[in-house]
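To start, the structure under review is shown below, and the notes come after it.
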Amino acid sequence: MKIGILGATGWLGGALARNLLKAGHPPGDLLVLNRRGPVADFDAWPGVIWAADLAAMAAACDVLVLSVRPEDYRVSAPLPFGGQVISFMAGVSLEDLARDFPAARIARAMPGGGASEGTAHVPWCGTGEAGVLAALGQVDRVADEAALAYLSALSGSGAAYPALMAQAMYRHALAQGLPADVAWNAVRSVVCGSPALFAGGIAQAEALLDTYHGYRGITAAGLDAAAAAGFSDAVAAALEAATAKALAF
Ligand SMILES: NC(=O)c1ccc[n+]([C@@H]2O[C@H](COP(=O)([O-])OP(=O)(O)OC[C@H]3O[C@@H](n4cnc5c(N)ncnc54)[C@H](OP(=O)(O)O)[C@@H]3O)[C@@H](O)[C@H]2O)c1
């Protein structure tokens with residue numbers, strides 16, 4: 001299967017290209033294209049083919065991945081590409097893409113954080129087949145672009161909300177007079193270390209919370225206060241605002 005990546009020297013396109021190659025995709029079956037022309041990014045795989053332009057790349061591949069920023073995306077006339085298009089671009093709809101690739105099957109995907117490491121959540125929607133995305137992480141097909149927008153807000157946020165939690169806890173600890181290194185060691189253990197305890201599934205997270213509530217101790221008092229102060233409402237408001245932003249692109 002020949003795969004072409006528009007934007008293969010960018011963060012996401014590059015991650016996909018490298019992960020595919022590391023997983024054994026033949027370099028000669030990978031076409032890449034960027035704005036600057038050939039650079040050293042694929043020197044470790046000399047067989048990788050630098051395409052001359054988008055039309056030439058489309059003519060030579062089965063799967064065409066669009067990984068440029070939306071403002072850099074321009075197709076001057078519809079391309080007669082009959083394969084699979086996979087677009088990572090926010091704000092370029094399936095309908096827009098169908099105008100540029102009227103003969104293709106078209107999918108949109110929104111990889112979240114961890115794409116370089118192959119650990120991202122990768123929701124996609126549209127038509128056809130998007131097995132290529134497994135190189136970026138855990139792939140989930142969703143019903144439509146509304147679900148994709150919602151997941152752009154959720155898994156697309158990467159480490160943003162854990163970072164927000166870390167910042168809130170750290171600032172609070174400093175305000176109690178703790179030294180910065182002690183505050184950070186404490187916050188890191190909570191935000192970066194402990195989540196591994198429930199990585200196995202939501203049932204583990206719920207069981208953990210039940211256990212803490214069951215002790216009726218220090219953490220239970222904190223959890224009750226967080227709930228009373230609107231913790232769940234704050235999370236819901238964040239995801240709703242972020243989804244609205246994703247839909248407005
Ligand atoms: N970053 C994320 O976390 C993330 C997550 C989900 C979706 N996305 C989407 O994925 C897409 C790529 O994001 P990114 O962060 O990887 O962007 P990026 O790092 O800025 O990379 C952009 C790529 O597009 C190429 N490019 C720009 N203009 C071009 C043109 N006119 N012709 C050919 N190639 C061109 C660049 O080539 P040069 O290297 O030559 O400039 C580069 O390879 C965007 O649509 C973004 O919204 C990103």
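The values are calculated or read from the model by the stated rules, or taken from the named source; none is laboratory data. Since the structure is predicted, the reported quantities are computational estimates derived from the model, not experimental observations. Every residue, glycine as well, gets a Cβ built from its backbone with ideal geometry; the counts of neighbours run over all protein chains shown.
The C-beta contact set for the range 236-249 (first residue modelled with pLDDT under 95, second residue surrounded by 13 or more Cβ atoms within 10 Å (Cβ to Cβ) and small (Gly, Ala, Ser), distance under 6 angstrom, 6+ apart or interchain) comprises Ala246/Ala149; Ala246/Ser152; Ala246/Ala153; Leu247/Ala149; Phe249/Ala90; Phe249/Gly91.
For His213, the test of being over 26 Å from Ala153 (Cα atoms) and out of contact with any helix residue (DSSP H, G or I) (no Cβ under 7 Å at 6 or more places or on another chain) is failed.
Look through the range 1-15, keep the residues that are within 9 Å of the ligand (Cβ to nearest atom) and crowded, with 24+ Cβ neighbours inside 10 Å, and return whichever of them is farthest from Arg36 (Cα to Cα). Checking each candidate, the answer is Ile5.
When Leu247 is tested against (1) more than 27 Å from Ser152 (Cα to Cα); (2) surrounded by 12 or more Cβ atoms within 10 Å (Cβ to Cβ), only condition (1) is not met.
The number of residues in the range 70-108 being part of a helix (DSSP H, G or I) and in contact (Cβ under 8 Å) with a residue 12 or more places away in the chain comes to 6. Scanning the range 53-79 for residues that are exposed (fewer than 12 other Cβ atoms within 10 Å of the Cβ) and over 19 Å from Phe249 (Cβ atoms) yields a count of 3.
Within the range 30-46, the set of residues being surrounded by fewer than 19 Cβ atoms within 10 Å (Cβ to Cβ) and closer than 26 Å to Pro80 by Cα comprises Arg35, Arg36, Gly37, Pro38. Would you confirm, using the coordinates I've provided, whether Gly201 is surrounded by 15 or more Cβ atoms within 10 Å (Cβ to Cβ), at pLDDT 95 or above, out of contact with any helix residue (DSSP H, G or I) (no Cβ under 8 Å at 6 or more places or on another chain) and more than 17 Å from Ala90 (Cα to Cα)? In short, no. Of all residues in the range 157-195, exactly one satisfies the criterion of being surrounded by 15 or more Cβ atoms within 10 Å (Cβ to Cβ), more than 27 Å from Val122 (Cα to Cα) and β-branched (Val, Ile, Thr), namely Val187. Do the conditions hold for Trp124, that is, is it in a strand (DSSP E or B) and among the aromatic types (Phe, Trp, Tyr)? Judged against the criteria, Trp124 is a match.
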